[in-house]
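Reading through the structure tokens given below for one structure.
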Amino acid sequence: MSAQAAPPKHHMAFMIWLSVFPTLAVMEMLLRPLLSPLPIILRLLILTAIVVPLVVYLVLPRVQRGRALLLGRVRRG
């Protein structure tokens, strides 16, 4: 098993943003009718409780795979 070097911090920051922003935007639009009567802090608590696991377990791994594929093609090409 070979050890992979961690991506540079600016790559990680961009991948996290690229994962969080669209996921948060979509979830906010979907849940707005249900959450709008709640105070903002409670809405944020609920949204982040949903978005963070989605990003960590579903979205970010796909973004990281895409980055690896892209960089592999760029280095080979």
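The values are calculated or read from the model by the stated rules, or taken from the named source; none is laboratory data. What you are looking at is a predicted structure, and each value in this text was computed from that prediction instead of being measured. Because the Cβ atoms are built from the backbone with ideal geometry, glycine has one as well, and the counts that use them run over all protein chains shown. Protein only, heavy atoms only, side chains kept; ligands, DNA and RNA dropped before computing areas. Shrake-Rupley method; radii C 1.70, N 1.55, O 1.52, S 1.80 Å.
Check whether at least one residue in the range 23-30 is open to solvent by less than 60 Å² (accessible area, probe 1.4 Å), under 29 Å from Gly72 (Cβ atoms) and within 10 Å of the chain's Cα centre (by Cα), and report yes or no.
yes
Could you list, in sequence order, all residues of the range 43-64 that are over 13 Å from the mean Cα position of the chain (by Cα) and of a type in the set (D, E, K, R)?
Scanning the range 43-64 gives a single hit, Arg43.
Condition check ((1) in contact with a helix residue (DSSP H, G or I) (Cβ under 9 Å, 6 or more places away or on another chain); (2) over 19 Å from Phe14 (Cα atoms); (3) open to solvent by less than 80 Å² (accessible area, probe 1.4 Å)) across all residues:
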{"residue": "Ile40", "(1), (2), (3)": "no, yes, no"}
{"residue": "Leu45", "(1), (2), (3)": "no, yes, no"}
{"residue": "Val51", "(1), (2), (3)": "yes, no, yes"}
{"residue": "Leu54", "(1), (2), (3)": "yes, no, yes"}
{"residue": "Val59", "(1), (2), (3)": "yes, no, yes"}
{"residue": "Gln64", "(1), (2), (3)": "yes, no, yes"}
{"residue": "Arg67", "(1), (2), (3)": "yes, no, yes"}
{"residue": "Leu70", "(1), (2), (3)": "no, no, no"}
{"residue": "Arg73", "(1), (2), (3)": "no, yes, no"}
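So that you can scan it fast, the table gives a plain yes or no per residue for (1) at negative phi; (2) out of contact with any helix residue (DSSP H, G or I) (no Cβ under 9 Å at 6 or more places or on another chain); (3) of a type in the set (Gly, Ala, Ser):
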| residue | (1), (2), (3) |
| --- | --- |
| Ala5 | yes, yes, yes |
| Pro8 | yes, yes, no |
| Leu30 | yes, yes, no |
| Thr48 | yes, no, no |
